[in-house]
Every structure is written in structure tokens, then in C-alpha cells.
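Shown next, in C-alpha cells, is the structure this report addresses.
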Amino acid sequence: MSVVKGKIEASITLSRSTCYFMRTGKCSLNVVTDYYVATSTRTAASDLLYCPRLYRAMRNRERMKPIAVTPCECGHAEVVSGHQRACIASQKNLELTIQPAGPEIKTDCPICGGQITFEENSGSNRIISLRVRVEDDE
């Protein structure tokens with residue numbers, strides 16, 4: 001098995017229902033510094049404690065849980081699942097393991113195809129830089 005590490009630019013999609021920042025204009029990772037929540041407590045993706053809890057899990061037990069991406073011909077990628085994990089990893093400079101979502105490679109890159117911005121409360125795509133790790137079974 002070989003391992004390749006590097007940086008990629010990827011497109012993620014977040015909305016008011018999946019991101020506290022999109023709903024309020026403030027990132028919960030910058031608002032919450034310390035907290036305690038029972039492990040049985042459920043939080044929705046747009047709740048204040050969702051990303052801080054996910055960040056804590058990403059540093060510990062979910063450290064190498066991969067996100068699914070669709071690679072583009074140009075070298076960029078589009079995140080298919082794990083949008084919040086990708087956003088947190090980008091902000092906190094964590095290394096993520098990625099895996100292809102399928103065998104296809106996109107010819108129309110959402111990053112190259114047009115300027116994507118993450119305007120407050122727009123519910124759109126965002127371009128992020130990720131430190132990634134790709135494991136090859138060959």
C-alpha cells in the first residue's frame with residue numbers, strides 16, 4: 001500500500017440547514033471555546049455545537065475517517081460527502097483522508113468553471129484548500 005500526501009483545492013456546498021455560519025454569519029469554531037455536552041445529545045448540522053463536537057471527534061476517534069470526493073481533470077476536486085469535515089479540516093489545518101466517490105472524473109470543474117464565493121447566507125459553494133492523504137491499495 002502506498003500513501004500520497006499533498007494539498008488540493010476542493011469545492012464544498014453548505015447551506016443554512018447544514019452550517020451555523022450560513023445561518024448566523026459567525027463560524028461556531030470561532031464562537032465556542034469550551035463546552036460539555038452529554039454524548040447522547042443530538043445536534044443538528046446548523047446548531048452552535050455541531051462543528052466544535054465534530055472537530056473534537058476528528059482529532060480523536062474519527063481521525064482517519066475519509067471524505068468522498070469526485071476528482072476533476074484539472075486537479076481540483078468536488079466534495080461529495082463530508083462537507084462539514086472538509087470545512088473544519090481547512091480551517092484547522094487538519095490532514096484528511098480522501099477517497100473517490102466513484103470511477104468518474106469530472107470534466108466541468110466547479111472551481112475553474114467560474115468564480116465561486118462563499119458570501120454570507122448565500123447557500124452556495126465554497127473553495128477550500130485541504131491537506132489530504134490518499135491511500136492506494138495497489
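Where the second residue is aromatic (Phe, Trp, Tyr) and at pLDDT 85 or above and the first is more than 17 Å from residue 89 (Cα to Cα) and lies in the stretch 21-49, which pairs have Cβ atoms under 7 Å and are six or more apart or on separate chains?
What qualifies is 43/50; 44/50; 46/20; 47/20; 48/20.
Take the stretch 1-20 and flag every residue that is within 15 Å of the chain's Cα centre (by Cα) and farther than 18 Å from residue 94 by Cα. Don't jump to the end; show me each part of the working.
As a first pass, look at the stretch 1-20 and keep what is within 15 Å of the chain's Cα centre (by Cα): 7-15, 18-20.
The answer is 13, 14, 15, 18, 19, 20.
Sort through 126, 63 and tell me the only one that's among the basic types (Lys, Arg), surrounded by 15 or more Cβ atoms within 10 Å (Cβ to Cβ) and either modelled with pLDDT under 85 or outside any strand (DSSP E or B) (or both). Outline the logic, then answer.
Details: 63 fails: surrounded by 15 or more Cβ atoms within 10 Å (Cβ to Cβ).
Just a single option satisfies the conditions, and that option is 126.
Please enumerate the residues belonging to the stretch 25-42 that are modelled with pLDDT under 90 and not basic (Lys, Arg).
Residues of the stretch 25-42 that are modelled with pLDDT under 90, as a first pass: 32-42.
Across the stretch 25-42, the qualifying residues are 32, 33, 34, 35, 36, 37, 38, 39, 40, 41.
Pairs only if they're at least six apart or on different chains, beta carbon under 8 angstrom, first in the stretch 77-95 and in contact (Cβ under 8 Å) with a residue 60 or more places away in the chain, second in a loop (DSSP other than H, G, I, E, B) and surrounded by fewer than 20 Cβ atoms within 10 Å (Cβ to Cβ); list them, first residue then second.
What qualifies is 78/109; 78/110; 83/18; 84/18; 84/45; 91/27.
The values are calculated or read from the model by the stated rules, or taken from the named source; none is laboratory data. Predicted, not measured: the structure shown is a model, and the values here were computed from it. Note that each Cβ is placed from the backbone with ideal geometry, even for glycine, and that neighbours are counted across all protein chains shown.
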